[in-house]
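Below is one structure, written out as structure tokens, with a few remarks after it.
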Amino acid sequence: HEAGRLLSGYGGILGSADNDYEGTQQALGQAIAIARREADVLLELKTLAYSAVVRGNYLHLRESIEDGLQAVELGAGTNNSEPEILSRWWIAAGSLHLGDSDTARPHALALRGADNGPTSRLLTSIRFVPAICLSCLEGDWAQARNLSDRSLELTPTNQQLIGLRMLLEYETGEIAQGQAYLGQFLEIMGRRIDLFSTGTTSMAIASVARITGVTARLDIAQTAAEAVIQDSSATP
């Protein structure tokens, strides 16, 4: 039973930090088997959530969604626990990437409506991301701005959230507002070294250049992209 708990955390680290997908699958598979043998629902829930995260990061989106759906079903009534938030996040994100807004919608809305609960500040803010993306994809710009405002009140320096708002402004022709958020984005970029923020930087700057036709900052995007590609721990 103790080994199951250790394997669960170990599998999550292998996938997110050590770029060892096969090792992750082995460790998490063992942890789930032990959790089921011991009838430890919380351990199984947590391990399925880790698996959804890792599989999503490795672009196995359908498998990530399946793990997330199992976790949500298993964790019904857990009061917005961290595993539930992670699982719903990847169900929604994976479904949106696959063009399946019907599957994404209930989980994006559940995340949006969740209370803060016993979760980290980061999870509390990024729970709005799927709903913001869904609103933008459906052209509900007012809703997207409202959700963006709420999320940025919680974590005003979150690079993913600022990047989404920056693109929203540019996509709707609010160039001055877009430039303001771009300034914030670039300022924060200089203080962040994690791969996720670096990758977000590259994609967001390239998208702005495509919208505006202004290519002055593409060298920043290229440098950021190369930093991600060259890092041995980067996931697909």
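The values are calculated or read from the model by the stated rules, or taken from the named source; none is laboratory data. Model, not experiment: these values are computed from the prediction. All Cβ positions, glycine included, derive from the backbone under ideal geometry; neighbour counts span all protein chains shown. These accessible areas exclude ligands, DNA and RNA; they are computed on the full protein's heavy atoms, side chains included. Shrake-Rupley method; radii C 1.70, N 1.55, O 1.52, S 1.80 Å.
Summary table
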{"read-out": "Subset of region 166-213 [of a type in the set (D, E, K, R) and in contact (Cβ under 8 Å) with a residue 40 or more places away in the chain]", "value": "171"}
{"read-out": "Close pairs from region 1-25: first within 23 Å of residue 41 (Cβ to Cβ), partner outside any helix (DSSP H, G or I), Cβ under 6 Å, at least 6 apart", "value": "1/38"}
{"read-out": "Number of the exception - residue 39 against (1) touching a Ser or Thr at 6+ places or on another chain (Cβ under 9 Å); (2) among the hydrophobic types (A, V, I, L, M, F, W, C); (3) more than 14 Å from residue 6 (Cα to Cα)", "value": "(1)"}
{"read-out": "Given (1) modelled with pLDDT under 95; (2) open to solvent by 10 Å² or more (accessible area, probe 1.4 Å); (3) assigned to a helix (DSSP H, G or I), index of the condition residue 103 fails", "value": "(1)"}
{"read-out": "The lone exception for residue 221 - which of (1) surrounded by 14 or more Cβ atoms within 10 Å (Cβ to Cβ); (2) at pLDDT below 90 it fails", "value": "(2)"}
{"read-out": "Which numbered condition residue 115 misses (of (1) open to solvent by less than 70 Å² (accessible area, probe 1.4 Å); (2) of a type outside the set (S, T, N, Q); (3) at pLDDT below 90)", "value": "(1)"}
{"read-out": "So residue 96, is it open to solvent by 50 Å² or more (accessible area, probe 1.4 Å) and either modelled with pLDDT under 90 or in a helix (DSSP H, G or I) (or both)", "value": "no"}
{"read-out": "Qualifying residue in region 219-226 (condition: among the hydroxyl-bearing types (Ser, Thr, Tyr), in a helix (DSSP H, G or I) and under 22 Å from residue 54 (Cβ atoms))", "value": "no"}
{"read-out": "Looking only at region 184-218, and only at residues there that are small (Gly, Ala, Ser) and open to solvent by less than 40 Å² (accessible area, probe 1.4 Å), the one that is nearest to residue 145 (Cα to Cα)", "value": "204"}
{"read-out": "Hits in region 156-183 (condition: closer than 23 Å to residue 124 by Cα and either surrounded by 14 or more Cβ atoms within 10 Å (Cβ to Cβ) or among the acidic types (Asp, Glu) (or both))", "value": "158, 159, 160, 161, 162, 163, 164, 165, 166, 167, 168, 181"}
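Let's see how each residue does on (1) within 19 Å of residue 10 (Cα to Cα); (2) over 13 Å from the mean Cα position of the chain (by Cα):
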{"site": "31", "(1), (2)": "yes, yes"}
{"site": "42", "(1), (2)": "yes, yes"}
{"site": "53", "(1), (2)": "yes, no"}
{"site": "58", "(1), (2)": "yes, no"}
{"site": "73", "(1), (2)": "no, yes"}
